[in-house]
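Chemist: One structure, pasted below without further comment.
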Amino acid sequence: MSERPATTTWRGLCLAKRGHGADEYEDAFAADPGAGRFAVADGASESSFAGAWARLLVDGFVRKQDGPNWLAAARRDWAAQVDGRPLPWYAEAKREQGAFATFLGLVLGRTPEGEAVWRALAVGDSCLFQVSRDRLVERFPVSDSRAFGNQPHLLGARAAGAARGDGHAERRGSWRPGDRFLLATDALAQWFLSRHEAGERPWEALAGLGADDFGAWVEECRERDGLRNDDVTLVVIEA
């Protein structure tokens, strides 16, 4: 993909789990629409400084720090942020194990011949959905709402023991003007798939949401529609 993609519009929406403040939100999202790069990540709460790791992952991917070595650069930045911080003795071992997160990165572009294409990289259960002509045409890397669990594959901040599980996956596809891409962390992705499996068009419920009404919509879905109480992150891209 050597040419820049056609102009895209995007928005990112997020909400911490119920009972937690914004400073306890451990998901992350980032975008560089001019380069056609977008990402979401979900920090694993049981690991140390997971929110910081999730933010470094998405920022590193969309900015492509150090080119193909963006992941190594993110790991160096995480270590620079957290190593040397004074911690209680019981937290030091956890920090040495490193932080973990699920990750999904998307690149929209064109081939030299002008074909509109996309490429996605995933570790774990943060998901990509592509909607074309009011049809769900892609779901990646999880395609069934029943496949979500408590132990997704995770990407680690330490090079040693860098991942939990062999969960790296890649997917490529094509797109056309008017297509919509949705990137979602696990709770929302599971809800999206369950609604689609029930014969609904969940992208319609998400299409009109903005920063002012996203929180109220999430809370209503938690109360009435089976959305799990977890950090929720959504990136919507209109190609």
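The values are calculated or read from the model by the stated rules, or taken from the named source; none is laboratory data. None of these values were measured; they are calculated from a predicted model. Note that we place each Cβ from the backbone using ideal geometry, even for glycine, and neighbour counts take in every protein chain shown. Areas reflect the complete protein model, heavy atoms only, side chains present, ligands, DNA and RNA absent. Shrake-Rupley method; radii C 1.70, N 1.55, O 1.52, S 1.80 Å.
Chemist: Suppose we keep only residues that are small (Gly, Ala, Ser) and without any contact (Cβ under 8 Å) to a residue 24 or more places away in the chain within the range 79-124. Which one would you say is farthest from Val142 (Cα to Cα)?
Modeler: That would be Gly84.
Chemist: OK, next. Would a scan of the range 188-198 turn up a residue that is farther than 20 Å from Trp53 by Cβ, touching a Lys or Arg at 6+ places or on another chain (Cβ under 7 Å) and open to solvent by 30 Å² or more (accessible area, probe 1.4 Å)?
Modeler: yes
Chemist: Quick check on Ala35: is it surrounded by fewer than 18 Cβ atoms within 10 Å (Cβ to Cβ), modelled with pLDDT of 90 or more and aliphatic (A, V, I, L, M)?
Modeler: Considered against the rule, which asks whether it is surrounded by fewer than 18 Cβ atoms within 10 Å (Cβ to Cβ), modelled with pLDDT of 90 or more and aliphatic (A, V, I, L, M), Ala35 comes out as yes.
Chemist: Every residue in the range 16-30 that is in contact (Cβ under 8 Å) with a residue 40 or more places away in the chain and open to solvent by less than 50 Å² (accessible area, probe 1.4 Å), please.
Modeler: Listed by number, the residues that qualify are Ala16, Lys17, Tyr25, Glu26, Asp27, Ala28.
Chemist: While we're here: In this structure, is Asp179 open to solvent by less than 30 Å² (accessible area, probe 1.4 Å), touching a Lys or Arg at 6+ places or on another chain (Cβ under 9 Å), within 15 Å of Leu104 (Cβ to Cβ) and modelled with pLDDT of 95 or more?
Modeler: So Asp179 does not fit the description; no.
Chemist: Go through the residues of the range 135-143 one by one and say whether even a single one is in contact with an Asp or Glu (Cβ under 8 Å, 6 or more places away or on another chain) and among the hydroxyl-bearing types (Ser, Thr, Tyr).
Modeler: Among the residues of the range 135-143, not one is in contact with an Asp or Glu (Cβ under 8 Å, 6 or more places away or on another chain) and among the hydroxyl-bearing types (Ser, Thr, Tyr), which makes the answer no.
Chemist: Now for a different question. Kindly indicate whether any position in the range 214-235 is small (Gly, Ala, Ser) and touching an Asp or Glu at 6+ places or on another chain (Cβ under 9 Å).
Modeler: no
Chemist: Of everything in the range 95-118, what is within 10 Å of the chain's Cα centre (by Cα) and among the aromatic types (Phe, Trp, Tyr)? Give them in sequence order.
Modeler: Phe103, the sole residue that qualifies.
Chemist: When the residues of the range 200-214 are filtered to those that are farther than 16 Å from Phe181 by Cβ and open to solvent by 50 Å² or more (accessible area, probe 1.4 Å), which remaining residue is modelled with the lowest pLDDT?
Modeler: Only one residue tops the list, namely Gly208.
Chemist: From the list Leu87, Leu121, pick out the single residue that is open to solvent by 10 Å² or more (accessible area, probe 1.4 Å), more than 23 Å from the chain's Cα centre (by Cα), at negative phi and not charged (D, E, K, R).
Modeler: Leu87
Chemist: OK, next. What's the total number of residues in the range 31-45 that are in contact (Cβ under 8 Å) with a residue 24 or more places away in the chain and either farther than 22 Å from Leu108 by Cβ or under 9 Å from the mean Cα position of the chain (by Cα) (or both)?
Modeler: So the answer is 7.
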